[in-house]
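The values are calculated or read from the model by the stated rules, or taken from the named source; none is laboratory data. A quick note: this is a predicted structure, and the numbers were derived from the prediction, not measured. As a convention, Cβ positions derive from the backbone with ideal geometry for all residues, glycine included, and neighbour counts pool all protein chains shown.
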Amino acid sequence: MIEPESFAVKVNDQESVTALLYSAAKKDRAGFTVVLGHGAGANQLSGFMRMVASGLAARGIDAMTFNFLYTERGRTSHTEKRNAPALDLKKDLPKSPRPRMHDHSEV
């Protein structure tokens, strides 16, 4: 498996997240990078994320993985809040107009 380079990505003025860059061999490089975000059940060090990123790099595609901020904070999901009140979707979200559907059948 390819050993990634670790670096920090600044999210805001006070916080950053960890990212890993799986670089393709210079002679094989496709010239672009794929950014992979993990699912809620794992982080960027999961076997699946490492396998996909390494597999892309082995095929000439640089791959970058990162941890979401909630993972860096030690939470298990982005919805897990520390001492925060529950969100009442009917009351707390602003009402937005229904999107208009345009009929393009006569175009």
Tell me the residue from Leu45, Leu89 that is of a type in the set (A, V, I, L, M), modelled with pLDDT of 85 or more and out of contact with any helix residue (DSSP H, G or I) (no Cβ under 9 Å at 6 or more places or on another chain), please. Leu45
Over segment 18-75, the set of residues farther than 12 Å from Pro4 by Cβ, over 13 Å from the mean Cα position of the chain (by Cα) and aromatic (Phe, Trp, Tyr) is Phe32, Phe48
Show the residue pairs that are 6+ apart or on different chains and have beta-carbon atoms under 7 Å apart, the first residue being within segment 6-34 and farther than 16 Å from Arg50 by Cα, the second being in a strand (DSSP E or B) and aromatic (Phe, Trp, Tyr). Val9/Phe66; Val17/Phe66
For segment 1-61, which fully contained strands (runs of 3 or more DSSP E) count at least 3 residues that are surrounded by 13 or more Cβ atoms within 10 Å (Cβ to Cβ)? 16-22, 33-37
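Taking Leu36, is it more than 12 Å from Phe68 (Cα to Cα) and of a type outside the set (Gly, Ala, Ser)? Spell out the reasoning first.
Details: more than 12 Å from Phe68 (Cα to Cα): no; of a type outside the set (Gly, Ala, Ser): yes.
Taking the combined requirement at face value, the residue does not satisfy it.
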When every residue in segment 62-78 that is part of a loop (DSSP other than H, G, I, E, B) and surrounded by fewer than 16 Cβ atoms within 10 Å (Cβ to Cβ) is compared, the one modelled with the highest pLDDT is Arg73
